[in-house]
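*Asks:* Starting off with a structure, shown below.
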């Protein structure tokens, strides 16, 4: 079940992470790397940072590449289109490294890492896919008060734990600090409040997937309940503006269970290992 390139990856269960995902795809991928793979990743990122095309920062270029890889995994763009997107932000020397299968970090192994991350956090990728689909279908609309909020909480949560993802777009005319209040029935704690900056979404940012993600405020919030609690439980997420007015309020629900289900930790770890193995086998064939 383990890849030769990343022998410890499938044995690693992510624990600590930042609540705010600044570079969404990059941050969530790195959070799911085992220490050995994380070291190799950091070395590789440093080695290509000076070969970014003019007009792009190293962080933005990496996010653009990961967005292209994700869209290719969904078969929304071809392999040629994926490579064209990568070439638009990186110089040819980086492309040579990406296509060199003898290197530990190449385009195939990075796809494996991204597949591993998707298996661990399907909720975040559901948000990402809904955002991209709404943009492509012409359905991406900010509400009348210029805000768009989307949430994902798994329908079932095991072992008294779950991951809540919140995505907010500010379509107003200025940057502002908002308050995100999360009320978890019988949770530990029952109330979590975050005061976070939310920058204004500019029209030019809602063209590409990485632009859409960069324009968003994305929160990754761990939820927990005592072991004595089971059954359906609501979670309320309220977004308040600087003036205290409520911009949006949404209630989602998850069912606490001790049994295995498609998004339990054990199943997600097995799925993540299988994704890495499947990609490794497809390349060897």
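Just so it is clear, none of the values below were taken in a lab; they were calculated from the coordinates. Computed from a predicted structure; not experimentally measured. Virtual Cβ from ideal backbone geometry, glycine too; neighbours counted across all protein chains shown.
*Asks:* Given an 8 Å cut-off on Cα distances and at least 6 residues of separation, report the relative contact order of the chain as a percent. Provide the component values of the computation, followed by the final result.
*Replies:* On the way: 461 pairs, mean separation 60.8, N = 285.
Computed over the chain, the figure is 21 percent.
*Asks:* Here is a follow-up. Let me make sure I get this right: for region 1-135, a, b and c are the square roots of the gyration tensor eigenvalues over alpha carbons, sorted descending. Under 1.5 in a/c it's rounded, otherwise prolate if a/b > b/c, else oblate. Which is it? Please report the intermediate quantities before stating the final value.
*Replies:* Details: a/c = 1.42, a/b = 1.10, b/c = 1.29.
Verdict is rounded for region 1-135.
*Asks:* Still on this model: Starting with the fewest neighbours, write out 82, 176 ranked by other beta-carbon atoms found within 10 Å of each beta-carbon. Don't jump to the answer; show the numbers that get you there.
*Replies:* Values: 82 21, 176 14.
Least crowded to most crowded, the residues run 176, 82.
*Asks:* Follow-up. When the Cα centres of region 9-69 and region 81-95 are compared, how far apart do they sit, in Å?
*Replies:* Using only Cα atoms, the two centres lie 17 Å from each other.
*Asks:* Quick one: among 148, 195, 118, which has the greatest mean-square fluctuation in a GNM of the chain with alpha-carbon springs under 10 angstrom?
*Replies:* So, out of 148, 195, 118, the one fluctuating most is 195.
*Asks:* Using alpha-carbon pairs under 8 Å, 6+ residues apart, how would you state the relative contact order of region 143-257 in percent? Working shown, then result.
*Replies:* Numbers: 258 pairs, mean separation 37.5, N = 115.
Relative contact order of region 143-257: 33 percent.
*Asks:* Based on the Cβ-Cβ distance of residue 8 and residue 91, what FRET efficiency does E = 1/(1 + (r/R0)^6) give at R0 = 45 Å, to the nearest 0.05?
*Replies:* Details: r = 32 Å, r/R0 = 0.70.
Efficiency at R0 = 45 Å is approximately 0.90.
*Asks:* Further question on the same structure: So what's Rg/Rh here for region 143-257, counting alpha carbon atoms and using the Kirkwood radius for Rh?
*Replies:* In region 143-257, Rg relative to Rh is 1.02.
*Asks:* Only Cα pairs within less than 10 Å get springs; with that Gaussian network setup on the chain, which residue of 22, 106, 245 has the largest fluctuation?
*Replies:* Of 22, 106, 245, the Gaussian network model singles out 245 as fluctuating most.
*Asks:* With an 8 Å Cα cut-off and a minimum separation of 6 or more residues, compute the relative contact order for region 13-76 in percent.
*Replies:* Numbers: 23 pairs, mean separation 23.5, N = 64.
After rounding, I find 37 percent.
*Asks:* May I pose another question? Using alpha carbon coordinates only, what is the Rg to Rh ratio of region 1-70, with Rh defined as the Kirkwood radius?
*Replies:* On the way: Rg = 13.3 Å, Rh = 13.4 Å.
Looking at region 1-70, the ratio lands at 0.99.
*Asks:* Rg and Dmax of the chain, Cα atoms, in Å?
*Replies:* Spelled out, the Cα radius of gyration and Dmax of the chain are 19.5, 59 Å.
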